[in-house]
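Working notes, beginning with the structure itself.
The values are calculated or read from the model by the stated rules, or taken from the named source; none is laboratory data. This one's a predicted model, so the numbers in the text were calculated from it and none came from an experiment. All Cβ positions, even for glycine, are placed from backbone atoms using ideal geometry, and neighbour counts span all protein chains on display. Just so you know, the surface numbers come from the protein's heavy atoms only, side chains and all, with ligands and any DNA or RNA stripped out. Shrake-Rupley method; radii C 1.70, N 1.55, O 1.52, S 1.80 Å.
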Amino acid sequence: MRRRASGLLLAALVCAPAGAELKTWVDERGHTHVTDDPAAVPEAMRGRVADEPDELGELWHDGLRGPPLPAASGETSSDADRAARLLRGAVDDLGRGETARASAALETVLRLEPGRAEAHWYLALLDRQRGRFDSAESHLRAFLAGAGDALEPWRASAQRRLRELADERRLAAATPGSDAALRLHTRTSPHFQVRYDAELGEVRADLADTVVAWLEEAHARVGERLGVVPAEPVRVVVYGKAAYRRAHRDRFSFRTVGFFDGRIHVASAAHPGGELRSLLHHEYTHALFRERVGSDRPLWLNEGLAELSERASRSQAGLTRAERFRLQGHGAAGTWIPLARLALGYGGLDDAQAKVAYLQGAAAAAWIEARTDRAARARLLDLLGQGLDADAALRAVVGADTAGLESALQREIASEFATSGAAAPAE
Ligand SMILES: [Zn+2]
């Protein structure tokens with residue numbers, strides 16, 4: 001997400017829709033829980049629960065609920081029992097926000113038992129979250145085809161979700177909190193479906209052409225750097241500034257100019273320039289990350305890559321010397337924020353910490369980019385998408401886990417300013 005004006009990236013990429021407040025908390029075993037039921041949060045955790053809205057907030061409004069899973073009939077190695085165990089594990093993973101691992105397990109279930117209705121149900125949910133609306137629709141249709149009598153009550157729910165997907169395509173009516181007066185026109189291009197505020201189009205007849213050209217440029221350039229492109233066209237909504245505020249004022253506690261929730265939403269000036277182009281490159285990177293990885297985490301990598309894309313769109317490579325000098329100071333002063341902490345979200349940081357967090361993410365992503373080629377970067381995203389944890393994926397691709405990468409990065413930055421008398425670069 002992109003915070004307004006200050007260029008800061010705060011909180012999660014995605015907010016829960018207004019009215020479906022999600023709580024995230026971590027129990028004694030270190031397991032992360034996501035719930036929209038405040039009563040499910042233990043008394044001792046209330047008030048300490050992360051205020052950061054969770055990525056799962058964008059699922060269909062009844063959230064993670066799905067058909068009851070049959071109990072595994074034992075520890076046998078039959079495909080049916082394996083599938084049942086995998087399904088249970090996948091649903092537990094979903095509850096903990098381990099979406100990539102859940103997705104991999106569900107795909108395995110379908111290899112063991114093609115047509116297994118429950119797996120299609122949860123994959124539809126995950127695809128909807130990733131912005132893969134066509135694939136979500138085919139999973140829902142497969143669910144309906146495969147759901148037996150026992151799942152009858154869920155068939156109505158699946159039908160409703162299909163109707164909601166159709167609404168997503170019509171979009172104007174489905175934009176959360178949108179003002180009824182918001183009129184949207186559509187423009188499609190090879191890799192995007194853009195809905196834009198009709199009022200903007202009246203001010204600038206070339207608005208849609210300009211936005212589409214910038215998006216296609218982002219598709220080509222980010223694809224060139226990261227070696228991956230989305231499987232389906234990415235959906236984008238462009239609002240005039242007032243319309244954006246009306247539509248999304250309840251979603252965030254601070255002013256934003258853009259975010260991704262399965263669609264890219266951005267606010268545009270009446271006569272947009274480089275700032276909108278950069279913003280589209282930034283949000284497109286988030287869309288691509290979510291689509292390939294299936295979640296927004298590790299967030300430092302996601303925000304770092306988005307920031308590098310944004311800078312690349314302005315022909316700026318990586319961090320400036322002044323920014324690296326600032327990071328060196330935080331390393332020395334002990335105010336460097338561990339990347340492992342930033343992996344889950346940027347919530348709970350004050351403004352100053354958020355600035356550091358955002359620089360650290362960009363520096364760490366640049367460290368990775370300097371040591372990988374396009375194919376290796378694609379592999380990193382695909383390993384994360386297959387459910388490998390971030391440390392294992394990083395080890396496989398850059399030979400260091402999060403902590404190892406972090407200390408190498410800190411050493412590298414420190415060495416740049418190690419010479420005594422090195423002057424602080426001008427800001
Ligand atoms: Zn962002």
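Table for the structure above
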| item | result |
| --- | --- |
| Filtered residues of segment 268-313 (kept if without any contact (Cβ under 8 Å) to a residue 60 or more places away in the chain, open to solvent by 10 Å² or more (accessible area, probe 1.4 Å) and within 25 Å of ARG379 (Cβ to Cβ)) | none |
| Residue count, segment 189-236 (criterion: part of a helix (DSSP H, G or I) and among the small types (Gly, Ala, Ser)) | 7 |
| Count of residues meeting criterion [buried (at least 16 other Cβ atoms within 10 Å of the Cβ), closer than 25 Å to ARG311 by Cβ and among the charged types (D, E, K, R)] in segment 236-261 | 1 |
| Residue in segment 366-377 that is in contact (Cβ under 8 Å) with a residue 12 or more places away in the chain, under 22 Å from ARG130 (Cα atoms), under 18 Å from the mean Cα position of the chain (by Cα) and open to solvent by less than 20 Å² (accessible area, probe 1.4 Å) present | no |
| Residues of segment 289-343 satisfying the condition of being under 11 Å from the mean Cα position of the chain (by Cα) and more than 14 Å from the ligand (Cβ to nearest atom) | GLU291, ARG292, VAL293, GLY294, SER295 |
| Verdict on HIS265 being assigned to a helix (DSSP H, G or I), buried (at least 24 other Cβ atoms within 10 Å of the Cβ) and within 16 Å of the ligand (Cβ to nearest atom) | no |
| Residue selected from segment 116-168 under the condition of a type in the set (S, T, N, Q) and within 21 Å of ARG88 (Cβ to Cβ), by the criterion least open to solvent (accessible area, probe 1.4 Å) | GLN129 |
| Helices (runs of 4 or more DSSP H) lying entirely in segment 295-384 (those with 1 or more residues that are charged (D, E, K, R) and in contact with a strand residue (DSSP E or B) (Cβ under 9 Å, 6 or more places away or on another chain)) | 299-313 |
| Every residue from segment 268-279 that is aliphatic (A, V, I, L, M) and within 12 Å of the ligand (Cβ to nearest atom) | LEU279 |
| Identity of the residue in segment 74-109, open to solvent by 10 Å² or more (accessible area, probe 1.4 Å) and of a type in the set (Val, Ile, Thr), that ends up nearest to ALA343 (Cα to Cα) | VAL91 |
